[in-house]
């Protein structure tokens, strides 16, 4: 991420300074991998037998060995330095001692502590100054990188596919996987595609869904399949638009500033899309009202170009609870599903819930909605579009008779019989459902079965009285 021309502050960078004439005493091959490449925060000198109370983690320590007598406990000394997080030990030779004590060399080798010689002609202050210069150069390079990266993502945001281009540029700048999740917790975009293993994506998705359900703005670290992932919600509290996931270890301040800029851009882009989404939602609601007239012609013509064809009859009409009208996550999930399977799902806002229309033989989306969003979904009996309004009433009746999340089928309600529905608002709907076969037969055959039944009931179920009438 930083400028490749600037060596990061590390022991290797110090050893590469020919003017310092430093020499690594313990062979690199005998040290833990990456030991001399770990970042160095400062270079400090001390001849105390236990300098650790005055040291911070990530230092290179310089010493002349004044503190060591002939019976010095070198392993204990090196152990204290390792426990404190000292990165390397530099020994100044020919100041107090000729060469480096063999006991110290052995202790460093056994403990995995990089040990290097500082020759007599190289003052400690020169080593400390070189370390400070490397740290300053690295900090400047990181700040320059951060500004350039923010400029790059800003330019990407100006492209026609601004949000996707911004995320792709963020992934390129950080050199890691970046994923955008929508308000329903589904992975919408990722860069690079397939850059995170399926198991890790599943774990991240589960955490994103949990964060979005809480409804508050939050950032959360996650360890998924051995990969460190940082999650950041997008949008206002109570109206979250999704989440951004970044698979990277220990982002520094400069990298986090780039991420913060992208989070702001992504949130703004999603808010702008929200305005368009509200307009589309109003259009969908109008089409639902049109279908409630039991004439699908207008809805078919008006919605064909934008949403594709209506689901083929026979269909089932379903209805969610009124509270679901406020669920951005549900609406976005439905939009994605409707676009993925045109002609398999249509939906729109109703007066007291979201109205769903699916083919009678393809009701799986209803089960998924009930499970994913923990909702009661009322479902009508199969119907043609000329019975849409009655089917919606059936769905409402079925929904209102179930109190736990799941799909409530009107067919089950009707099967329980009219007597089970007496004394409730469902009685009329159940009765109409029971009479539907008679009404259909009368319309098709020109018979009068419904009128005959009415007369029979009016004459106390007397066949003779009905015949005379």
So if each residue of separation counts as 0.36 nm, and I subtract the Cα-Cα distance between residue 71 and residue 172, what length gain in nm does that give? 30.8 nm
Residues of the range 228-248 with backbone N under 20 Å of the label point set 7 Å from the Cα of residue 278 along Cα→Cβ are 234-242
Pop a pseudo-label 7 angstrom from the Cα along the beta-carbon direction at both residue 109 and residue 189 and give the gap in nm to one decimal. 5.7
Do you know the relative contact order of the chain, to the nearest whole percent, from alpha carbon pairs under 8 angstrom that are 6+ apart? 9
Cα-based shape type of the range 11-135, given that a ≥ b ≥ c are square roots of the gyration tensor eigenvalues and the cut on a/c is 1.5: rounded
With a ≥ b ≥ c from the Cα gyration tensor eigenvalues, square-rooted, and the rule rounded for a/c under 1.5, otherwise prolate when a/b > b/c and oblate otherwise, the range 159-275 is rounded
Regarding the range 263-323, what is the average projected area of its C-alpha convex hull, in nm²? 5.9
Contour minus Cα-Cα span, residue 136 to residue 300, at 0.36 nm per residue, comes to 52.4 nm
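Counting other C-beta atoms within 10 Å, which of 292, 176 has the fewest, and how do the rest follow?
The fewest-first ordering by Cβ neighbours comes to 292, 176.
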At what distance in nm do the modelled label points of residue 129 and residue 313 sit from each other, each positioned 7 Å from its Cα along Cα→Cβ? 9.1
Only bridges whose two residues both fall in the chain count here: according to DSSP, what percent of them are antiparallel, nearest 5? 70
Set of the range 116-142 residues, backbone N closer than 18 Å to the point 7 Å along the Cα-Cβ line of residue 253: 132-142
Fraction of beta bridges assigned by DSSP in the range 292-415 that are antiparallel (%, nearest 5): 75
Identify the residues of the range 34-50 with backbone N under 16 Å of a label point that sits 7 angstrom from the Cα of residue 83 along the Cα-to-Cβ direction, or state none. 49-50
Here the gain from full extension of residue 268 to residue 451, 0.36 nm per residue of separation minus their alpha-carbon distance, amounts to 59.7 nm
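Please order 265, 211 by the number of other Cβ within 10 Å, starting at the fewest.
Numbers: 265 19, 211 22.
Ascending Cβ contact count within 10 Å gives the list 265, 211.
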Rounded if a/c is under 1.5, else prolate if a/b is larger than b/c, else oblate: which is the range 238-361, with a ≥ b ≥ c the root eigenvalues of its Cα gyration tensor? prolate
Residues 383, 205, sorted so that the one with the fewest Cβ neighbours within 10 Å comes first: 205, 383
Based on DSSP H runs of at least 4 residues, each adding -39500 (n - 2.57), what is the mean residue ellipticity at 222 nm of the chain after dividing by all its residues, to the nearest 500 deg cm²/dmol? -15000 deg cm²/dmol
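No lab work stands behind these numbers, since they all come straight from the coordinates. A quick note: this is a predicted structure, and the numbers were derived from the prediction, not measured. Reconstructed Cβ throughout: ideal geometry from the backbone, glycine too, with neighbour counts over all protein chains shown.
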